[in-house]
1. Going through 132, 104 one at a time, which residue ends up being touching a strand residue (DSSP E or B) at 6+ places or on another chain (Cβ under 7 Å) and farther than 22 Å from residue 84 by Cβ?
2. For segment 133-145, what are the residues that are open to solvent by less than 60 Å² (accessible area, probe 1.4 Å) and free of Cβ contacts under 8 Å to residues at least 40 places away in the same chain?
3. Just the residues that are hydrophobic (A, V, I, L, M, F, W, C), in contact with a strand residue (DSSP E or B) (Cβ under 9 Å, 6 or more places away or on another chain) and either open to solvent by 20 Å² or more (accessible area, probe 1.4 Å) or over 19 Å from residue 63 (Cβ atoms) (or both), please, taken from segment 146-170.
4. Among the numbered conditions (1) outside any helix (DSSP H, G or I); (2) open to solvent by less than 30 Å² (accessible area, probe 1.4 Å); (3) touching a residue at least 60 places away in the same chain (Cβ under 8 Å), tell me where residue 130 comes up short.
5. State all residues of segment 77-132 that are in contact with a Phe, Trp or Tyr (Cβ under 7 Å, 6 or more places away or on another chain) and among the basic types (Lys, Arg); if no residue qualifies, say none.
6. Applying the selection to segment 107-127, what residues are open to solvent by less than 60 Å² (accessible area, probe 1.4 Å) and either part of a helix (DSSP H, G or I) or in contact with a strand residue (DSSP E or B) (Cβ under 6 Å, 6 or more places away or on another chain) (or both)?
7. Would you check if residue 21 is at pLDDT below 80, touching a Pro at 6+ places or on another chain (Cβ under 8 Å) and of a type in the set (A, V, I, L, M)?
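The values are calculated or read from the model by the stated rules, or taken from the named source; none is laboratory data. Since we're looking at a predicted model, the values are computed, not measured. Cβ sites come from the backbone with ideal geometry, for glycine too, and all protein chains shown count toward neighbours. Note: areas computed on protein heavy atoms with side chains; ligands, DNA, RNA excluded. Shrake-Rupley method; radii C 1.70, N 1.55, O 1.52, S 1.80 Å.
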Amino acid sequence: MTRPKRKPAPVRRIDGVKHVIAAAVAANEAVKAILPPPAPARPLRERLPDERKGVTRRFHVRAGGENVKVYVTVGRYPDGRIGEVFLKVDRQGTLASGALDAVALAISVGLQYGIPLGAFVDKFVGMRFEPAGFTGDNDDRYRTCTSVLDLVARYLRDLEEERVGGGGRR
C-alpha cells in the first residue's frame, strides 16, 4: 500500500520570516486517523500481604425467636486500612450465608481496587431485611440493627473512624 503524497503546508511571510501555518486541528485529526485509539487504563489491585493483622467480631441478631450468630473478620493493610472483609453466619449452606459471603467478597475486591470503604457503608447502613432486630450487644452502637449488612456496615465504619482518629460513633 502506498501512501498518498502530502500537500505542502501554506506559507505566509510575516516580517520577512517564513512561518509554516499548520492548523492544529488538522494535524490532530491526521494523527487520530493514523494511530489506533489508546486502550483504557486498567485499575490496579493492591493485594494484602500474606501475613496481616486482623480482628474478628461476633454479633448475635435475635429476630423472630431465632438467634443468628454473625462473625465479621476484617483484614488490614500494614498502614491500618481495611483491605478485606469476611462474613460468616452460623447457618452454613443457607441462602443468607452464601449471599453474605458474596457481599463480603465484593467489598474486599472493591477495597483492593481502591473503592473507598465509605462508598459501601453509605449503601448498606439502613438496609432492611431479616434477620433484624435486637442484638443484645454490650456496645450501645450495635444494640439493634435493621439487617445484618446494616450492622456490619456500621461496625466497619466505626473501625475506620477509630483508625483515622475519629474514635468511632457513640
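1. On inspection, the qualifying residue turns out to be 132.
2. Passing the criteria: 139, 141.
3. Within segment 146-170, 156, 159 meet the criteria.
4. Residue 130 satisfies every listed condition except (2).
5. Result: 88, single match.
6. Selection gives 107, 108, 109, 110, 111, 112, 117, 118, 119, 120, 121, 124.
7. Spelling it out, residue 21 is indeed at pLDDT below 80, touching a Pro at 6+ places or on another chain (Cβ under 8 Å) and of a type in the set (A, V, I, L, M).
For (1) touching a helix residue (DSSP H, G or I) at 6+ places or on another chain (Cβ under 8 Å); (2) of a type outside the set (D, E, K, R); (3) closer than 24 Å to residue 52 by Cβ; (4) modelled with pLDDT under 90, each residue gets a yes or a no:
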| residue | (1), (2), (3), (4) |
| --- | --- |
| 67 | no, yes, no, yes |
| 98 | no, yes, no, no |
| 102 | no, yes, yes, no |
| 107 | yes, yes, yes, no |
